[in-house]
Amino acid sequence: MSSVRELARVLGLSHTTVSDALRNKPRVKKETRDRVLKAAKKAGYRYNPLAGALMSEMRRSSVGVFQGVLAVVDLESSEQRMSTAKRYHREVAEGCREKALELGFKTEVFVMGSEHLSVSRLDTILKSRGIRGVVLLPAATDPDISNLRWENFAGVYTDYIIELPALDTVCSDHFRSMVVALLKLRELGYKRPGLVLHEAHDRRLLYRWEAAFRMHSLNTLGHDSLEPLVAADLSEAAFSKWFKKQKPDVVLCHRMEVMEWMETLGAKIPETHGFCCLNTMMSEAPVSGLDLRPRLIGKRATELLVGQLHRNDYGVPETASTTTIPAVWIDGPTTCPQ
């Protein structure tokens with residue numbers, strides 16, 4: 001059975017009804033839709049919504065050029081973020097935009113949060129505009145977008161884990177990236193690396209930064225094994241106490257104010273001590289550390305999403321997968337050979 005018209009003829013339905021049923025249009029009764037889908041599956045027919053959209057657009061346009069639209073959804077309003085975190089999100093979104101254009105799509109950003117779109121409103125907008133692909137930007141807290149009617153959409157999340165719903169994800173390889181940083185610091189001659197983390201950040205990544213640091217320190221000759229500082233409230237007082245006790249010669253951390261705390265305690269960066277930023281996007285000024293490659297994360301997420309659309313792969317996956325991107329080391333003025 002090679003066409004919608006043949007399928008309609010066999011079922012005794014109109015071509016429009018069969019076409020709408022295959023596209024999961026709500027105007028078709030559930031019983032009719034199930035009947036059509038069952039017959040289509042038996043006949044080996046699978047509707048491709050991208051091809052259908054292309055033909056519809058070609059019929060409407062004398063030029064015959066079509067670009068599908070992918071939604072890039074910011075789960076939190078940018079007003080809730082530090083300016084440095086905004087840069088990271090912009091890079092992920094820009095990666096989505098660049099790869100989408102390569103694949104014949106364009107992207108549109110939708111911002112959620114209490115003062116912006118609700119989930120139900122987003123669902124209505126996406127359905128009315130025929131947008132079926134969704135890239136979710138990272139959220140600082142555990143995101144919940146389970147109320148979106150995912151049977152109508154394909155989605156990818158651009159951070160480590162999302163449970164509500166459990167979608168495929170693309171994120172930095174935090175464990176491997178920590179090892180990259182520690183190997184580079186060892187190459188530079190540092191022997192007492194110290195790790196400083198915010199506890200909520202550590203927990204959100206299932207302790208991958210801390211686990212990699214501990215395992216590498218315990219199993220690397222020539223490195224002293226220092227106890228990391230993992231604090232719920234990362235304060236100057238807590239840092240000062242830890243710094244004086246552990247005596248690191250280089251500190252790995254996200255927080256840029258830590259460098260000021262180090263200098264207050266007598267450290268001269270990079271002459272006597274080094275500083276490694278675990279995400280160089282967090283610094284407005286040049287700094288040594290890890291580029292987590294957010295633009296590449298956005299590109300890879302878009303590739304996966306478009307693949308789902310081509311396969312008609314909608315809904316929450318039975319088993320979610322995680323694609324990881326290793327960070328790269330960036331030389332900067334906060335470390336030097338020892």
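Key figures
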{"read-out": "Within the stretch 8-37, considering residues that are part of a helix (DSSP H, G or I) and either in the same structural domain as Y314 (by TED's automatic domain parsing) or among the hydroxyl-bearing types (S, T, Y) (or both), the one modelled with the lowest pLDDT", "value": "S19"}
{"read-out": "Of all residues making up the stretch 225-244, the number that are part of a loop (DSSP other than H, G, I, E, B) and within 17 Å of A200 (Cβ to Cβ)", "value": "5"}
{"read-out": "Neighbours by Cβ (under 8 Å, 6+ apart or cross-chain): first from the stretch 175-199, farther than 30 Å from T322 by Cα; second polar (S, T, N, Q) and part of a helix (DSSP H, G or I)", "value": "R192/Q246"}
{"read-out": "Some residue of the stretch 252-270 being polar (S, T, N, Q) and within 30 Å of D159 (Cβ to Cβ)", "value": "no"}
{"read-out": "Exclusive hit being among the basic types (K, R) and either modelled with pLDDT of 95 or more or under 19 Å from C253 (Cβ atoms) (or both), set R121, R203, R129", "value": "R203"}
{"read-out": "Breaking point among (1) small (G, A, S); (2) assigned to a helix (DSSP H, G or I); (3) surrounded by fewer than 20 Cβ atoms within 10 Å (Cβ to Cβ), for G222", "value": "(2)"}
{"read-out": "Subset of the stretch 236-277 [among the hydrophobic types (A, V, I, L, M, F, W, C) and either modelled with pLDDT under 95 or within 30 Å of the chain's Cα centre (by Cα) (or both)]", "value": "V250, V251, L252, C253, M256, V258, M259, F275, C276, C277"}
{"read-out": "Any hit, the stretch 245-264, residues being assigned to a loop (DSSP other than H, G, I, E, B), free of Cβ contacts under 8 Å to residues at least 24 places away in the same chain and farther than 30 Å from K99 by Cα", "value": "no"}
{"read-out": "Flag for E151 being more than 18 Å from the chain's Cα centre (by Cα) and in the same structural domain as H273 (by TED's automatic domain parsing)", "value": "no"}
{"read-out": "Pair list, Cβ under 7 Å, 6 or more apart: the stretch 1-23 residue within 14 Å of R33 (Cβ to Cβ) and of a type outside the set (A, V, I, L, M), other residue at pLDDT 75 or above and surrounded by fewer than 18 Cβ atoms within 10 Å (Cβ to Cβ)", "value": "T17/T32"}
{"read-out": "Inter-residue pairs, beta-carbon under 8 Å, first closer than 12 Å to S177 by Cβ and in the stretch 210-222, second basic (K, R) and in a helix (DSSP H, G or I), 6+ apart", "value": "A212/R176"}
{"read-out": "Residues of the stretch 104-129 that turn out to be touching a helix residue (DSSP H, G or I) at 6+ places or on another chain (Cβ under 9 Å) and either loosely packed, with under 13 Cβ neighbours inside 10 Å or not assigned by TED's automatic domain parsing to the domain that holds T302 (or both), as a count", "value": "2"}
{"read-out": "Filter result (touching a Ser or Thr at 6+ places or on another chain (Cβ under 7 Å) and in a helix (DSSP H, G or I)) within the stretch 265-282", "value": "M281, M282"}
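The values are calculated or read from the model by the stated rules, or taken from the named source; none is laboratory data. All of these numbers come straight from a predicted model, not from anything done at the bench. For neighbour counting, all protein chains shown are included, and Cβ atoms are generated from backbone atoms with ideal geometry for every residue, glycine included.
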